[in-house]
Every structure is written in structure tokens, then in C-alpha cells.
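Worksheet: the structure to be examined is printed underneath.
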Amino acid sequence: MTLTKDKAALNDWYVVGISTDVTRSAPRRTRLLGQDIRVTRAADGAICVTLTGGEEDGRAARAEEHYGFIWATFGAPNRCIFPLAEAFEPDRRVVTCGTVDVAASGLRLVENFLDMAHFPFVHTDILGALDKPEVEQYQAEIRADVDEVWATNCRFWQPLAAAASKGGQMSHYVYRVVTPFNVLLYKTCPEAPDRFDAIALFIQPVEADRSIAYPLMVVVDSTSTDEDIVMFQQKIFLQDRIILENQRPRTLPLDPRAEIPTRADLSSVAYRRWLKTKALRYGSYEYAEA
Amino acid sequence: MPTETYSDHPILPLEDGWHAVALSRDLPAGAPFPVILGGREIVIWRAESGAVRAWVDRCPHRGMRLSLGFVRGDTLSCLYHGWRYRGEGGGCDHIPAHPDLVPPKTITVELYGAAEAAGLVWVRTGEGTDAPAVPDTGLNGAMSVTIDAPAERVKAGLALPEGMAAEVQPVLATRCRVHVTAESDRLKAAIAFAEALRRRFETPDLFAAE
Amino acid sequence: MGIVLYNHDLLADAYKVKLLLSVLGMDFERRTVGILPGNGNDAPAYRDLNPAGTVPTLVDGDVVLTRPEAMLVHIAECHDTSGRWLPAEPLARAQVFEWLAFATGDLAAAEAARLQAMFGVVPALADAFADTRAAFRLAEGHLARRALGGLTFIAANHPTIADLAIFPAVALAADVGIGMEEFPRLLIWARQIHALPGFITMPGVREVI
């Protein structure tokens, strides 16, 4: 496997590990954009990411830590890691939820995260009910000023919206795609209905059709244990994984003739259009190494 | 078919015509079943009425494999968003996210010809509407086995015992599936034959010692 | 004090026990062990209870069991008034033990392959995927032979704990990336389990069928 030459992919930040998992005695070996890397923690606590193998063996990649994760880039991103204000609120539970490997393009993972119409079928009796499958009209747009995709006014009836839920609720959602491989959602908090829980999915594109998913919960919840919160999220994600690994192609087709959206797919339509404006090819069906 | 190329596997050239892909007894009503035919990902399923259908294993919405879907009457629905397709013609007739919408006629799955004969389910590649030119052997389905060897090699080395028949289906370049049928008093022997055939091609050294 | 199950909702071994408890309509107390991620199974209190540190662990009064197939036998023997889940009839009983042993032995590769595919857990086996396929082929051949006699369950002409011991691995095959195109009899057999009164799923096992 070799490092991609896709410039848009190279000039962005990616999660490559969970901060608490990488200690001085426990380095991490993994792969990003086709390139093997080693993630180590130095004596002073600083995180280092080094390319291993290939033409650039030994080069250091830029690395930072945010929100409980280790972030790396091989290029020169034109912006910092996105802001996530909720992570700093004092009464928030900020819970990393382990990792899951998925044999699918990270772009497919983002689209699945943005989608509500699958809730009754894939997350039956949790995030959706089979007798209430309708997706009401919502809005989706590319926000050029922050270079993000936002979907607003999303609503869905949910039998069990979160670990803290005691019964059903009408969940309000706002979706926010911060980079092609990193997406967040804000949803009605069962415990404090005037506030939003934030759930993030950070994706490490291992190869064009293989990913590692890092879910993050940033929630207001005074009753659940950390394990309850992690388990709730893991269960949801593993239900999605069966779908993700069985989509064809495994990469995301950007050709509009390949797949058929409906009104419920406004956010994915905006997302695919945004990817094209960035000339991001890595992870798409049309991607081919030059 | 353009969407065939979205398969996980390279598409192998196949003669236009009918290919056996399953025993009829292995396809009860109500259960969609995945088939890989020369790299093509295909879903076969039997409606409650008994009619057998064969489609490209891919929902045109977001590419989800229909073989993981669910059958209701003579319709097959996709597991991802529940889009429902009619067995006759493959047109979408219901989108749960928009229950009042009449789905446009452009939303349709891609069809293969499907038929049953001689105790087997057949899929047709290429154009044409003829029925499979297969004599009705009157034999019953015994077993299907997947063998990690090229179809041509297995076909050439079949050595069928009396009272049995076999159809070899190309799966991938180095994998095939053999569908064995037999007379009703030879079914147990036919299962043993199918498993021995697999051992012969997959572990020839061990097989020689048997 | 009823049954206590030290549990994790993502493990096939815990699922098979919960499946039996559910089809029997039995209440039980579940306590989650913090793994995947985490090392809750290494906590001193857990290791005292189960020195092997495996999950699940079942406690029923004075009985402490650490192997899921033993749990299935115990629950069926002590709590199944119908006597069908572990039949007394010798031929069927022998088949149940045969296929419980298969679940413990040959089929262990399936969970190893699954944890590797999903969480990168390195298995002890050299090729967990190939071993899983080999185990599935054995079960497929067995079901093909039984189908000749009109028998549709693994060990008897009705479901037993042998079926429940094997079902999770088959139902979770997609987690491993094993497609069912090689295993029509397994697919047909698995659908019967979905139809049992008291059937429950786990993440990765389809709800709508």
C-alpha cells in the first residue's frame, strides 16, 4: 500500500488513535490514506506520528491532540481542527467509544451518519419505529464561510433516543459535516430537552475502501454509567456496519447516475456536491491513483 | 448491465444463456439468497406465489445488497431504507420515508431472466427470452458445494456416478459452485459425492490418500 | 435470588445464553463487564469469580459457570420444564452434545474472526476466517443430510440448545465478511430460529426478516 497523491485528502486532519490508548510503553501502528504510520508518546508526553515504509519512511507527520483523540496530517491543512464548544462545558460527559473497523470507504460512513430514513429499519425500536418511517422535509446547505455542510430542521420520532432515555421522544437533529471524513450531529437531549447532545463520528481512512470509526459522545447525562453510554453507541454503530459493508460499490459514487436520492437525502446530496467542489477523490468510486 | 460493475469482484466473461445457480429445494419462498455468478452479485428469491426472480444484487438508492432484504408476497424490500420492489418487472412501488409518494418509474432494479428446470434454479445472462434448454431429468436436489477451483477444471474432472447429475456454476476465476441432483434413492450418496468432489479439488494430496 | 449473568451485549457467547433465557421466558439479572473497550474482565473481583476472565459468567445460586455451552446445559436441565431444549431421549441427546462440542471447538473461530474484523483483536488462530468457513461447511453438510429425512433442526426434529449454541455465529456471519452464498441450508435453518417465540436479536443480527 502506498500513500495517496490526492491533494485534497492529504491536506486535512485525521484521527489516528485515542489519546489514552497511546502511552510511552504502548505505541500504536496503523495506516492512514494507504501509508503505514507509527504513533508514539515521547517522554515529555508529546505525541509523534512517523511514516513507516514507502518513499517517505521516517518522515514525521504533524500531530495534535483534541477531544480525547490523536490527530495527524501528511500535508498542510488551511485550517485548524474544527471547534466543538460542547466538549468544554463543565457538566458534559465526554466519552470516547472505542473503535470499529469497517471495510467501506469513510465517505460511505459519513453519509450513513447523515441519514435518518434508515432508523426504523436498521435501528428498529431504538432510533426509529417501523410504523413511523416518514422523513419530514428538512434543509441542507453548504456553508461556504466555514466550509462545512449543515442539515437543519431534522426531526424523527425515536422510541429510545439515547442511553438516558426512559421512553420515546420527538428528536430534533442538526447535522454538521466539518471535513470530508469527520461529521457531528446535535440532537435533543432526553434529560435536558432545551439542550443538545453532540455525537461525533471521526473516521480514519485507512485505505480508499477501509476505515476505522471513532465515535465520540458529548452528552448531558447524570444517570448512565460510561459503559452504558459506550454500549448504546457501539450497538447503534454495529447495526450500521452490516449496511456499510454491504453497499456496492464500497466506495462512494459521485456520478449522479449511479444512485437515486429522494427528498430525504438532501444532506447526502449536499455532501456529495461539496466533495466535488473540493476535488476530493479519495474514497470515491471515481478515485484512481494517478 | 452497468451496475454489475459495482460488484466487489471482477466480472468474468460468460456465454449468454442460462446458468444453474441453486437447487430449487434450497430456495424456499420468502428468503432472498445471494449468488455470485462469474463475479456478478445477483439476488435470487421466490415470491409467496412460487415465482422465482433474479436481480442485480443492488438497490438503486444507495447500492445496498438486496440479498439482505426481506420478501413480502411478490415484493422484495431493501434492508437499508425499506424501498420495496415488485417481483414482476422490478419497479419500486413504495418508499417508506415518503409514504404518499408514487415512486417514479425510473426507480427500478435490474433484472436477469430466472427459471426453474430439472430441480434447479437458472439465471439468464445476455438478452433473450427462451426457456432453459435443459431436459427435465426428474432428479431431486441433493447438495450444492462451493469449490475453490476454476469451473472449467472441475467440469472436466467431474466423473459422475450413475443416477446423478451436476451443473457447474462459475463463481470467481478460481472458485465455482457445483449443484448435484440425483435419483431419490441416491440422494445420500450424492451428498457424499459432492463433498468428496470438493476434497478432490481443494486438497488433492489428502484426497489421494483417502 | 435468580440467575445473574455477567454480560456484554456485543459478544456472541453472551447472546446464546440470553437467547435461551428469553425463549424460556426467564428473568435474570444482567451485570455488564466493561470490555470492548476496557479491561473490566481483569478487575480483581471478576477474576475471583472467573479466573479465566472470560465473558460471560453465569451465577445460579452456588453454581458458577464460565463456558457458554455449559450454561446452556445447566439452564435447560434445571429450568426447562418442557424437557425439549435438552432432550432425554438418548439419540437426540447425543446429537445435542455432539453439536455443542462443535460450537465450542470448530465454531470458536467464528467469534475470533468477528472480533478481529470489527475491533482488530488479534486471534490465537492462524486463519480464523478460513477456520470459520470450514466450520460452516460442516454444519451445511449436516443440515443437507438431515433435510433428506425432513429434519430441519441441528440435533432433533425440534429446536434444542445445540441450535442456540450455533445460531449466533451464523447470524453474525456478515460481521466477519462471510457471505451466505455458500450456505443455503444454514440460511434456511437460521430463519427458523428467528421465528421462535421469545427470539431476541443483538447488534449485527437483523431485526426485520
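Table for the structure above
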item: Number of the condition not met by C:Val17 [criteria: (1) among the aliphatic types (A, V, I, L, M); (2) within 14 Å of another protein chain (Cβ to nearest Cβ); (3) touching a strand residue (DSSP E or B) at 6+ places or on another chain (Cβ under 8 Å)]; result: (2)
item: Search result, residues across segment A:240-260 that are within 21 Å of the chain's Cα centre (by Cα) and within 8 Å of another protein chain (Cβ to nearest Cβ); result: A:Arg241, A:Ile242, A:Ile243, A:Glu245, A:Asn246, A:Gln247, A:Arg248, A:Pro249, A:Arg250, A:Pro253
item: Filtered residue count, segment C:169-209, keeping only those that are in a helix (DSSP H, G or I) and among the aliphatic types (A, V, I, L, M); result: 12
item: Test set (1) surrounded by fewer than 17 Cβ atoms within 10 Å (Cβ to Cβ); (2) in contact (Cβ under 8 Å) with a residue 60 or more places away in the chain - A:Asp131 fails condition number; result: (2)
item: Residue list for segment C:99-126, filter: in a loop (DSSP other than H, G, I, E, B) and under 21 Å from A:Ala104 (Cα atoms); result: C:Gly120, C:Val121, C:Val122
item: Sole residue being closer than 19 Å to C:Ala147 by Cα, at pLDDT 95 or above and β-branched (Val, Ile, Thr), chosen from B:Val171, B:Val121; result: B:Val121
item: Failed item, numbered, when A:Ile126 is tested on (1) crowded, with 20+ Cβ neighbours inside 10 Å; (2) more than 9 Å from every other protein chain (Cβ to nearest Cβ); (3) within 27 Å of A:Asp209 (Cα to Cα); result: (3)
item: Enumeration of residues in segment A:33-62 that are in contact with a helix residue (DSSP H, G or I) (Cβ under 8 Å, 6 or more places away or on another chain) and outside any strand (DSSP E or B); result: A:Leu33
item: Residue match in segment A:37-49 (condition: surrounded by 16 or more Cβ atoms within 10 Å (Cβ to Cβ) and under 30 Å from A:Ala151 (Cβ atoms)); result: no
item: Sole exception among (1) within 23 Å of A:Ala264 (Cβ to Cβ); (2) without any contact (Cβ under 8 Å) to a residue 12 or more places away in the chain for B:Thr3, by number; result: (2)
item: Selected residue [under 15 Å from the mean Cα position of the chain (by Cα) and over 21 Å from B:Glu167 (Cβ atoms)] from B:Leu66, B:Leu37, B:Leu76; result: B:Leu66
item: Residue list for segment C:23-43, restricted to those being buried (at least 17 other Cβ atoms within 10 Å of the Cβ), more than 12 Å from chain A (Cβ to nearest Cβ) and not hydrophobic (A, V, I, L, M, F, W, C); result: C:Asn41
item: Count - residues of segment B:8-41 that are within 14 Å of chain C (Cβ to nearest Cβ), surrounded by fewer than 19 Cβ atoms within 10 Å (Cβ to Cβ) and closer than 23 Å to A:Glu259 by Cα; result: 2
item: Enumeration of residues in segment C:51-65 that are under 23 Å from C:Ile161 (Cα atoms) and buried (at least 17 other Cβ atoms within 10 Å of the Cβ); result: C:Val55, C:Pro56, C:Thr57, C:Leu58, C:Val59, C:Asp60, C:Leu65
item: When residues of segment C:66-92 are limited to those that are in contact with a Pro (Cβ under 9 Å, 6 or more places away or on another chain) and buried (at least 16 other Cβ atoms within 10 Å of the Cβ), the one nearest to C:Asp13 (Cα to Cα); result: C:Pro68
item: Segment A:223-239, subset more than 9 Å from chain C (Cβ to nearest Cβ) and part of a helix (DSSP H, G or I), residue surrounded by the most Cβ atoms within 10 Å (Cβ to Cβ); result: A:Phe232
item: Number of the exception - B:Tyr80 against (1) more than 9 Å from chain C (Cβ to nearest Cβ); (2) modelled with pLDDT of 95 or more; (3) not in a loop (DSSP other than H, G, I, E, B); result: (3)
item: Criterion violated by A:Leu130 - all others in (1) closer than 22 Å to A:Gln234 by Cβ; (2) at pLDDT 95 or above satisfied; result: (1)
item: Single residue of B:Leu68, B:Leu101 found to be at the interface with chain A (Cβ under 9 Å from one of its Cβ atoms) and touching a Leu at 6+ places or on another chain (Cβ under 6 Å); result: B:Leu68
item: Residue ID - nearest to the other protein chains (Cβ to nearest Cβ), chosen from residues in segment C:99-133 that are surrounded by fewer than 17 Cβ atoms within 10 Å (Cβ to Cβ) and farther than 18 Å from C:Asp175 by Cβ; result: C:Ala126
item: Test: A:Asp147 is among the acidic types (Asp, Glu), surrounded by fewer than 22 Cβ atoms within 10 Å (Cβ to Cβ) and either at positive phi or at pLDDT 95 or above (or both); result: yes
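So that you can scan it fast, the table gives a plain yes or no per residue for (1) assigned to a strand (DSSP E or B); (2) of a type outside the set (D, E, K, R); (3) under 20 Å from C:Thr32 (Cα atoms):
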{"site": "A:Lys187", "(1), (2), (3)": "yes, no, no"}
{"site": "A:Asp194", "(1), (2), (3)": "no, no, no"}
{"site": "A:Ser211", "(1), (2), (3)": "yes, yes, no"}
{"site": "A:Asp221", "(1), (2), (3)": "no, no, yes"}
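The values are calculated or read from the model by the stated rules, or taken from the named source; none is laboratory data. Note that the structure is predicted; figures quoted are calculated from it, not measured. Because the Cβ atoms are built from the backbone with ideal geometry, glycine has one as well, and the counts that use them run over all protein chains shown.
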